[in-house]
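The values are calculated or read from the model by the stated rules, or taken from the named source; none is laboratory data. From a predicted model like this one, the values you see are computed outputs, not experimental measurements. FYI the Cβ positions are ideal-geometry reconstructions off the backbone, even for glycines, and counts take in every protein chain you see.
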Amino acid sequence: MRENAEREITDGILRHLAQASDSEIVRELAGQVLAGNISLAEGLSFGSYAEALEPELEGFTQWYDTLSNDERDREASDFAAKLDEFEAQLDDRPAP
């Protein structure tokens, strides 16, 4: 069930990147994935796409490295709860 929420979130992010990214390469990657020409994993294996995303991923990695194990667990738990909430909205059922 959670796969639907994950797919909706990923597609929303990709649509945003395809339309609004400052990087032409990131816009291209997002468009190719949305068009079904490549998977996101395949796209990330291409050097030019991975290179274009590197600055943002470095920022995330630096932030994540500053978290304690408890903070990481809390972030993961919060995200799982948000996924469940979003999945419930997609299914039009009350959240647990």
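Among (1) small (Gly, Ala, Ser); (2) modelled with pLDDT of 95 or more; (3) surrounded by fewer than 11 Cβ atoms within 10 Å (Cβ to Cβ), where does Ala41 come up short?
So Ala41 meets the others, but not (2).
Only one of these is surrounded by 11 or more Cβ atoms within 10 Å (Cβ to Cβ) and on the phi < 0 side of the Ramachandran plot: Glu58, Glu85, Glu24, Glu3. Name it.
Glu85 is the lone residue from the list that is surrounded by 11 or more Cβ atoms within 10 Å (Cβ to Cβ) and on the phi < 0 side of the Ramachandran plot.
Restricting the search to the stretch 61-77, which residues are surrounded by fewer than 11 Cβ atoms within 10 Å (Cβ to Cβ), among the hydroxyl-bearing types (Ser, Thr, Tyr) and under 20 Å from Glu6 (Cβ atoms)?
Across the stretch 61-77, the qualifying residue is only Ser77.
Quick check on my filter: what residues within the stretch 51-90 are closer than 15 Å to Glu8 by Cβ and in contact with a helix residue (DSSP H, G or I) (Cβ under 8 Å, 6 or more places away or on another chain)?
Leu83, Asp84, Phe86, Glu87, Leu90
With respect to Ala30, is the statement that it is small (Gly, Ala, Ser) and modelled with pLDDT under 90 true?
Taking the combined requirement at face value, the residue does not satisfy it.
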